[in-house]
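Let me begin by presenting the structure, written as structure tokens, before commenting on it.
The values are calculated or read from the model by the stated rules, or taken from the named source; none is laboratory data. Fair warning: this is a prediction, and the values are worked out from it, not measured in the lab. All Cβ positions, glycine included, derive from the backbone under ideal geometry; neighbour counts span all protein chains shown. Only protein heavy atoms, including side chains, enter the accessible area calculation; ligands, DNA and RNA are left aside. Shrake-Rupley method; radii C 1.70, N 1.55, O 1.52, S 1.80 Å.
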Amino acid sequence: TLANTKLGKTITWCIFSDGLFCGIFSLIAIQKKHRALVYDRAEIAYWATPEQQGKGIMTEAGRKVIDYAFTELGLNKLLVGHHINNKNSEALILRLGFTYLYTEEQVFKKDSEWITCKFYELRSEHYNKY
């Protein structure tokens, strides 16, 4: 939401290529500190239009968002998850350098069906600028 953006908890970029809207890439749940604890982490989220998938646009955008998260925001860790049957999303996450953490059942419900997701992380110490 706009309120979370103003609070520094979310940043969303609209992705365009050749003047066409392609999707979004976001840093969500940005958490820097809470009391005496330092977290410096966020989750990434993204969505691409079906017509623009498979063109490398989201890989390029993702690399820029990751670079921004680590170099501009000084984050230590990024997290991401995907629907277990979404192989395109899994491929993007792996291309971006994330490491598999775990699989969780019944993460959310969509169209009356509980969805299983796989989760990954990328830490700044393992980040290789492309």
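No other residue among GLU60, GLU51, GLU90 is closer than 25 Å to VAL107 by Cα and not small (Gly, Ala, Ser) apart from GLU90. Condition first: assigned to a strand (DSSP E or B) and among the basic types (Lys, Arg). Can you find one or more residues in the range 70-79 that meet it? Yes: one or more hits.
Every condition in (1) open to solvent by 60 Å² or more (accessible area, probe 1.4 Å); (2) modelled with pLDDT of 95 or more; (3) aromatic (Phe, Trp, Tyr) is met by PHE98 except one, and the failing one is (1). Among the residues of the range 106-124, those that are free of Cβ contacts under 8 Å to residues at least 40 places away in the same chain and not aliphatic (A, V, I, L, M) comprise GLN106, PHE108, LYS109, LYS110, ASP111, SER112, GLU113, TRP114, THR116, CYS117, LYS118. Quick check: is even one residue across the range 35-56 among the acidic types (Asp, Glu), modelled with pLDDT of 95 or more and within 17 Å of GLU90 (Cα to Cα)? Scanning the range 35-56, I find at least one residue that is among the acidic types (Asp, Glu), modelled with pLDDT of 95 or more and within 17 Å of GLU90 (Cα to Cα), so the answer is yes. Kindly indicate whether any position in the range 46-64 is in a strand (DSSP E or B), open to solvent by less than 50 Å² (accessible area, probe 1.4 Å) and among the aliphatic types (A, V, I, L, M). Yes; the residues of the range 46-64 include at least one that is in a strand (DSSP E or B), open to solvent by less than 50 Å² (accessible area, probe 1.4 Å) and among the aliphatic types (A, V, I, L, M).
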